[in-house]
Amino acid sequence: WDNADFSRGVGTTFYQEFPTLNTAKPPFVRDVEAKVRRYLRSSYSAAWTLKITWEKAPAYAARTDTQRTNTYQAVLTTDGFRSYVLMLYQEGGMQWDYTRLAATNVLIGYT
């Protein structure tokens, strides 16, 4: 991830919390549980999930380019013992001009 810059009024950040301990689980949480089970081959039942979406986020510094934006999500989830993060990116990958970023070793995801 790099620094997004919302100072020019371009882009938005949304979040939605899903506290699901002892409550019915919405389809989104059931989908997150299914992904964790499939990718990690383990049983998993979410007690809490947070979805954060950065929509049409321009790279820092936005004064140089507000046309190339990215939409991406982080989904944090826990059962109270284990915690996971799902990182989701728009189709087509990174749209920022990486030659204009402060860091030159750009990755999508984490290491």
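The values are calculated or read from the model by the stated rules, or taken from the named source; none is laboratory data. Being a predicted model, the structure only gives us computed values, none of them experimental. Here the Cβ is made from the backbone with ideal geometry for all residues, glycine too, and neighbour counts use every protein chain on show. When the accessible area is computed, the model is the full protein with side chains, heavy atoms only, and any ligands, DNA or RNA have been set aside. Shrake-Rupley method; radii C 1.70, N 1.55, O 1.52, S 1.80 Å.
So here's what we get for this one:
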| read-out | value |
| --- | --- |
| Residue count, segment 1-52 (criterion: acidic (Asp, Glu) and modelled with pLDDT of 95 or more) | 3 |
| Residue within segment 24-42 that is assigned to a strand (DSSP E or B), crowded, with 16+ Cβ neighbours inside 10 Å and under 19 Å from the mean Cα position of the chain (by Cα) present | no |
| Hits in segment 43-56 - residues which are open to solvent by 70 Å² or more (accessible area, probe 1.4 Å) and part of a strand (DSSP E or B) | TRP48, GLU55, LYS56 |
| Test for LEU88: is it within 20 Å of THR12 (Cβ to Cβ) and modelled with pLDDT of 95 or more | no |
| Every pair of residues 6+ apart whose Cβ atoms lie under 9 Å, when the first sits in segment 18-40 and is among the charged types (D, E, K, R) while the second is in a helix (DSSP H, G or I) | LYS25/GLU33 |
| Top-ranked residue of segment 53-85 - restricted to ones that are modelled with pLDDT of 80 or more and among the acidic types (Asp, Glu), ranked as nearest to ARG30 (Cα to Cα) | ASP79 |
| Flag if THR66 is open to solvent by 30 Å² or more (accessible area, probe 1.4 Å), part of a strand (DSSP E or B) and within 30 Å of ASP97 (Cβ to Cβ) | no |
